[in-house]
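Report on the structure given below.
The values are calculated or read from the model by the stated rules, or taken from the named source; none is laboratory data. Since we're looking at a predicted model, the values are computed, not measured. We place every Cβ from the backbone using ideal geometry, glycine too, and count neighbours over all the protein chains shown. Calculation scope for accessible area: heavy atoms of the full protein, side chains included, ligands and nucleic acids excluded. Shrake-Rupley method; radii C 1.70, N 1.55, O 1.52, S 1.80 Å.
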Amino acid sequence: MEKTDIKNFTLSELEAYIAGKGKERFRAKQIFKWLYQQDAVDFAEMTNLSKEFRQELEKTSWISNLEAEAVEASADGTKKYLFRLADGNAVESVLIPDEDRTTLCISSQVGCAMGCEFCLTGTFKLTRNLTTAEIVNQVCAVKRQEPVRNIVFMGMGEPLANLKNVIKALKILTDPDGFQFSTRKVTVSTSGLVPEMAELGASVTVNLAVSLNATTDEVRDRIMPINRRYPIKDLLAACKAFPLPSRRWITIEYVMIRGVNDSLDDAKRLVRLISNIPSKVNLIPFNEHDGCAFQSPTQDSVDRFHKYLLDKHVTVITRSSRGSDISAACGQLKGRLDKKNQAEV
Ligand code: SAH
Ligand code: SF4
């Protein structure tokens, strides 16, 4: 009989599993705390469970884990972790330290099917979805090394194309008996899968980031094929309807690409488009990579765009390309081992 990986369970699923073995439901909470608060890797560590119960668990289930195969460190403190999965595939997570609010950027898929023109992950197509365990194990592995304050689903893959497992991972991340992340500290980023946005909002409380990246359907159709299915108007309506944690805004991500979407007219259209959505804008200067002809915007056009938004009282930050020297910046993840800069772990 194949053993069950208990890291694929949310707390309520684990409770049902435990109940099936004739045990009290609160035992599931104890196990959850061992897994996500005490970093347990073995049932033997769970000393508040009887020996007989631990042996019974061991017979039918197991605890999966990920270990970083490589960690690359950027000059700016950003770290990129490469995780080898059981089937030989690999994904990357990026730790971005900041004064007292270190953020871990995690992956939800091996590759991505969305095919955005500007994104390196997209050029690798979709290999497969990550399991719930593979998603949360990225957090377990990094948290064992360094404190993590925020989680963003902005690594490899489109989280809402792997909705079931992403929702389960979100439940584990925010469960008071699990990782205990506040819902205000966890953000899911999507290229704009409209029906799944509604389902996500109905299932969990979480911050939402939306990769808008264009201000006309003509341009968005070209750089993000998903727009042909869910055009800007539908996407923004879904943003407006999304139930955020209290006092939060939707993050509108806007990758600025030279000569494509970086004009002052774009800035003007952007202000109009988001005027009735509680939002803040993240401007991300395009990070160049091999195999894509797009270019980074000039500093002048970024400054002009940023200033126009500020003048119109839009909350805006321009993201610096942290980790670009180790290909860890937005859109540069590919889940392969780059020999240069590789540190021993
Ligand atoms: N699939 C999700 C989350 C992962 S991508 C999404 O698209 O939202 C995370 C962010 O990186 C997105 O906002 C995306 O627009 C941005 N991005 C992708 N390629 C980029 C590049 N080459 N330079 C800068 N940002 C990029
Ligand atoms: Fe996929 Fe996001 Fe990259 Fe688009 S930007 S290809 S949705 S990972």
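Taking the chain as a Gaussian network, where each spring joins two C-alpha atoms under 10 Å apart, which residue of K240, K280, K51 fluctuates the most?
Most flexible of the set in this elastic network: K51.
Could you calculate the FRET efficiency of A19 with N48 from 1/(1 + (r/R0)^6), where r is the beta carbon distance between them and R0 is 30 Å, rounded to 0.05? Could the numbers behind the result be given before it?
Numbers: r = 18 Å, r/R0 = 0.61.
After rounding to 0.05, the efficiency reads 0.95.
Quick one: pull the percent of accessible area on the chain belonging to carbon and sulfur, 1.4 Å probe, ligands and nucleic acids left out. Don't skip to the end; give the middle numbers.
Details: 7530 of 15510 Å².
C and S atoms contribute 49 percent here.
How are the C-alpha pair distances of the range 220-307 spread across 5 Å bins, as whole percents from the shortest bin up?
3, 12, 21, 23, 20, 13, 6, 2, 0
Report the convex hull volume per residue for the chain, counting only C-alpha atoms, in Å³. Before the final figure, lay out each step's value.
On the way: hull volume 48.4 nm³, N = 345.
Convex hull volume per residue, Cα atoms: 140 Å³.
Averaged per residue, what accessible surface does the range 238-303 expose to a 1.4 Å probe, in Å²?
Values: 3170 Å² over 66 residues.
About 48 Å² of surface per residue is accessible.
So, how do all the Cα-to-Cα distances of the range 42-133 break down into 10 Å bins, in percent, from 0 on up?
Pair shares across the bins are 13, 30, 29, 19, 8, 1.
Aspartates and glutamates within cross-link reach of K59: Cα-Cα under 17 Å, excluding same-chain residues under 8 positions apart?
E2, D5, D42, E45
For the cross-link pairs K268/K307; K80/K143; K7/K79; K7/K143, which exceed 21 Å when the distance is taken from alpha carbon to alpha carbon?
Working: K268/K307 11 Å; K80/K143 14 Å; K7/K79 25 Å; K7/K143 16 Å.
In this structure, K7/K79 lie more than 21 Å apart at Cα.
Give the aspartates and glutamates reachable from K125 as a straight Cα distance under 17 Å; neighbours fewer than 8 places away on the same chain don't count.
Partners within reach: E92, E117, E158, D290.
How many angstrom separate the Cα center of the range 146-204 from the Cα center of the range 1-54?
Between the Cα centres of the range 146-204 and the range 1-54 lies a distance of 23 Å.
What FRET efficiency would be calculated for the residue pair K59, D87, taking the C-beta separation as r and a Förster radius of 22 Å, to the nearest 0.05?
That pair, K59 with D87, gives E of 0.35.
Tell me, what is the percent relative contact order of the chain, built from C-alpha pairs under 8 Å that lie six or more residues apart? Mind dumping the intermediate values first?
Details: 676 pairs, mean separation 58.6, N = 345.
Over the chain, the number comes to 17 percent.
At 1.4 Å probe radius, can you tell me the per residue accessible area of the range 4-62 in Å²? Mind showing how you got there, number by number?
Details: 2920 Å² over 59 residues.
Value for the range 4-62: 49 Å² per residue.
For the range 4-62, what mean projected area does the convex hull of the alpha carbons give, in nm²? The partial results should precede the final answer.
Details: hull surface 13.7 nm².
Convex hull of Cα atoms, orientation-averaged projection: 3.4 nm².
With a 1.4 Å probe and every protein chain left in place, tell me how much accessible area L200 has, in Å² to the nearest 10.
Only protein atoms counted, so the area is about 0 Å².
With all protein chains present, calculate the accessible area of W249 using a 1.4 Å probe and round the result to the nearest 10 Å².
W249 has an accessible surface of roughly 120 Å² with all protein chains in place.
Could you check which residue among G88, G157, G115 shows the biggest mean-square fluctuation in a GNM of the chain with a 10 Å Cα cutoff?
G88
For the range 131-226, give the magnitude of the charge dipole about the Cα centre (Cβ charges: +1 Lys/Arg, -1 Asp/Glu; no others), in debye to the nearest 20. Kindly include the intermediate steps, with their values, before the conclusion.
Values: 10 positive and 10 negative charges, 79 e Å.
The dipole magnitude comes to about 380 debye.
If I take every Cα pair under 8 Å that is 6 or more residues apart in the range 4-62, average their sequence separation and divide by the length, what percent do I get for the relative contact order? All intermediate terms of the calculation are to be shown ahead of the outcome.
On the way: 36 pairs, mean separation 20.4, N = 59.
Worked out over the range 4-62, it gives 35 percent.
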